[in-house]
Structure formats: structure tokens, C-alpha cells
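The block underneath contains the structure these notes are about, expressed in C-alpha cells.
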Amino acid sequence: MSTKALIIGGSAGSFQIVIRILELFRPDLPIPVFLCLHRLKQVRKGFEETLNYNASLPVREPMDKEYIRPGKIYLAPSNYHMLIEKDLTIALSTEATVHHSRPSLDVFFSSAADVYGPGLLALLLSGANQDGTEGIAEVKRNGGTVVIQDPDDCEISTMCESAIKLTKPDQILTVSKIIEFVSLL
Amino acid sequence: MDIENQDIQAFIETVKSQSDYDFSDYSDKSLKRRLSKILLDRKLSLEVLLENIRADDDLLEKIVKDITVNTTELFRDPAVWHSLRFDILPRFQQQSNIKIWHPGCSTGQEVFSMMILLNELGLLQKTHLYASDLNEDVMEVAKQGIYKYRFNEGYLDNFDSVIRENPRVNDSYFDVPYSKYFHVDKTRDNLRMNKQMLTKPVYVKHDLVRDPNPFGEVFDLIICRNVIIYFNYELQNKVFKLFMDNMSPGSCLVLGVHESILGPFASRFDKKFQAYFKK
């Protein structure tokens, strides 16, 4: 099954890795990429700008109902949950936080798993809470591929450890291997 | 709990046949999520839930309420409130009165934000504030004006940003005390709006999906943020028409930061600042 979408989730300790990943995408990237990252309320401003600084493709917070297109990088907007509808549009929601998080990785990953099924590639990075565990399980349940950052290599290992406890990922990789992996996409 | 698309359909049909509520044009994913959560919380299968709904109107009301709860904050997205403060509300200064509608007001934080801002601009006295929601329980919270404090500490930062600071003039600071509008009680963990603000807005139960304008007024400003994200494209257009038909010339509509007017009504508005102005 060829990859139809890449989703990346992370929290504390993931920011620098995401920055490096964003430098890797070629302009003819054939799939959409989604970033679902926790951010501190204080750094709501300037987050998108910082991610864009060295990114090879523009990173943008989508509007509700926007059509998903290949080669685009979508960043879950701050203070919203992001979901994907069957008709390949983005849906946003302000329903309650999940694991004290909005956007929540569980919410987003589950909805992407439902739409892309075996075509989904999910990447879980460093983080300090258990958001993402249920979402990663959903990706697997729907036949998707799961790559998790090696907890020993994480700045904060809670998020990846928790996900690995529930789901056997396809690969557990260090940052340098993750970079290699993504550059081969 | 995993819910399939045919389950959602069965739920929509059951609710529709037992009541006036119609979720056919809601965003699939949000509806699915909320229904899953309801089943999980109540430890019910969908079949049992639907059976119970058919037998019990009160339960149906409760489920509808669970599905239609939206969260809202005091001065969410300060940039929007800055725009209201400096670009939008001053346009109504010369009018003898200002009419504002908050459809889908939920627990009322936006209504209070608006009242505070209007008061700082000296416009509150001549403003008529109307608020509505499908869900009477959340409107009851709005009428009481009492919120959890601990989860909402960001409220004070937002207040500072919108009311005390002026991002357009360096180093300006308005020393407005919180106690002018609300009191924080840390032991009880609540933030309580001052009494004089509770009687100003008119709250009415209203279903955006099917009801006409409940107030019989034409509005200068409609502020409806993060409500239409739960509606599909067709229903959004229906709502835009309802808004447009009840807006005065030069009036404006404020949507959520990530919401936009798509489709046939886009050409009927000018997007300026953080708002849609009726042409």
C-alpha cells in the first residue's frame, strides 16, 4: 500500500525534530502532511512563523472545510481540534480538551486513520503526556503504518513509551533514523 | 467505541422522527466523536441508546444537549477583540443604538467579553444584546455568569491583552481592575461576573438549523464564532442567509478565526479586519 498521507504528532521535546523534518520535503511531495503538535499557550503567536522559517514547503494552519491537497503541509491550529472528513476536507472543532490538549493527537490521529486506512503513515515524537496513545492504536487498527521515536532518544519519553505499551509500532527509530526515513518518502 | 457511518445515520433518523432536531447536516466527524463519547460515558450500545431515546423524550433532550455543547472562552483570540475594539465597534459610535446578536452563545463568555469591551468604549448603555443557543443548560450557565477559574487562568491574560493593553500604541496601559467586571475566588475555584452584567443580555432558546430570527430585530453586528464549524456546507449557507437577511446595511458578521464564508454568499460580503461586512 503506498502512502497517501503522513501525520506527525509531538509535544514537549519534538519541536526541533519537526523543524528538521520540514527541511526535507521536496517541492513535488505527492502526499499531504499534517502536523499535530501541542504548544504552550504562551507561544501561540509566532509558532507557525518559526516552523516556516527553514521549511522547504509552506506550513499553514488550515481553515475549516478546506480541501486537502497533496504537497501541502497542514498545522493543526492552536486551540482547535483538527479532524479529517471522508470527503478529504479539514474539520475543526472547539469541543473540550482531550488529555488537557487541544489540538489532541488522539482526536486527530483517529480521524486520519478512519479516512486514510492502510495508506496512512503516522509518526509519533517526544512528548510529556499520554495523548497520542489511543490515536496510534487507531492508526494500526485501520491498517496504517506507525513509526515511533525511540523513547531512549526522546527529550521526554512519556508519550512514546505510553504508545508503545499499547501498540507494537512498525518501527522504533532515533532522530537521525527518522530524518533518513522521512527523506526517503 | 467504534461507530460506523450507518450507525450515525440510524441515530440521525431516530432523533429526527422523535423530535424537531435534525443533525443531517452536521459535520460527520464531530457528530461521530460526540456520539461515541456519549455511548462510552453511558456504557451503552447504540441499539440500546436508540431504543431508550424512542421511549424517553427527556433522555433525547439530554443527548441533544450533550451533542451541542461547545466550549468558549473570555476574549478568545485577542487579535479579534482588538479588531472589534479599534476597527469595528467605533463605526457604530454615532448610531443612537447598537444591536448585537450572539447566536450559539453557549456558556456566554463571548457575551461577557462583548459587554466588557462595549463598556470600556462607552457604548454599552446604548447597546441591545441578544444571545441564543439550542441548549438551555449552557445558557443557564451564561445567565449565572459563574465559571471555573482553575481551567481558565488564560482568561486574565486575555483580559490584560484586550482591555489593559493597546498593541497599536507602544507602552499604553489602561489600569482597569478585574473587579470592575468580575471576581476571582480561588478557594471556591470560580470566576464570577458582577451582578449588573447579568441582566443586560436577552437570552432565548434558538435552533440555528431551523428557526427564524427569534428577536424580530435587524442587527448591526452578529458574532458567531466556532459554531458553523459543526455544520456542513449546505447548512452553513442556510445560516449565512439567515444572518444576511437580518443584518442592517453596513453591519458586520464576525466568525471564528478559522471559519470563512464559502459558496454563494461570499460575494455578498466584504472581508475586512476580522469581520465580514454586508455589502
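The numbers here are math on the coordinates, done by the rules we state, and not lab data. Being a predicted model, the structure only gives us computed values, none of them experimental. In this analysis, Cβ positions are derived from the backbone assuming ideal geometry, glycine residues included, and neighbour counts consider all displayed protein chains.
Summary of values
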read-out: Aspartates and glutamates with Cα under 17 Å of A:Lys140, excluding same-chain neighbours fewer than 8 positions away; value: A:Asp106, A:Asp114, A:Asp131, A:Glu161, A:Asp170, B:Asp2
read-out: Estimated distance in nm for a label pair at A:Ser2 and A:Leu184, the labels positioned 7 Å out from Cα along Cα-to-Cβ; value: 1.8
read-out: P(r) tail fraction, region A:118-185 - alpha-carbon pairs more than 20 Å apart, %; value: 21
read-out: Calculated P(r) tail over 32 Å for chain B, as whole % of Cα pairs; value: 29
read-out: Whichever lysines have a C-alpha closer than 18 Å to that of B:Lys278, once near sequence neighbours (fewer than 8 apart) are set aside; value: B:Lys99, B:Lys238, B:Lys241
read-out: Near-label residues of region B:113-157 by backbone N, under 13 Å of a point 7 Å along Cα→Cβ of B:Arg188; value: B:144-149
read-out: Where labels lie 7 Å past Cα in the beta-carbon direction, separation of B:Asp245 and B:Asp87 in nm; value: 3.0
read-out: Loop-located chymotrypsin sites (Phe, Trp or Tyr not before Pro) in region B:214-244, at most 14 other Cβ atoms within 10 Å (DSSP); value: none
read-out: Cα→Cβ-extended label distance, 7 Å offset, between B:Gln125 and A:Arg141, nm; value: 6.0
read-out: Cross-link table B:Lys143/B:Lys195; B:Lys65/B:Lys205; B:Lys37/B:Lys186; A:Lys65/B:Lys62; B:Lys32/B:Lys65; B:Lys16/B:Lys143, entries beyond 20 Å C-alpha to C-alpha; value: B:Lys37/B:Lys186; A:Lys65/B:Lys62; B:Lys16/B:Lys143
read-out: Region A:57-108 versus region B:85-101: alpha-carbon centroid distance in Å; value: 34
read-out: Where the Cα pairs of region A:7-161 fall when distances are cut into 10 Å bins, in %; value: 12, 44, 39, 5
read-out: Two-decimal Rg to Rh for region B:223-279 - Kirkwood Rh, Cα set; value: 0.91
read-out: Fraction of beta bridges assigned by DSSP in chain B that are antiparallel (%, nearest 5); value: 45
read-out: q = 0.22, 0.30 Å⁻¹, region B:5-67: log10 I(q)/I(0) [Debye, one scatterer per Cα]; value: -0.88, -1.80
read-out: Normalised per residue, the volume of the convex hull around the Cα set of the protein assembly as shown (Å³); value: 161
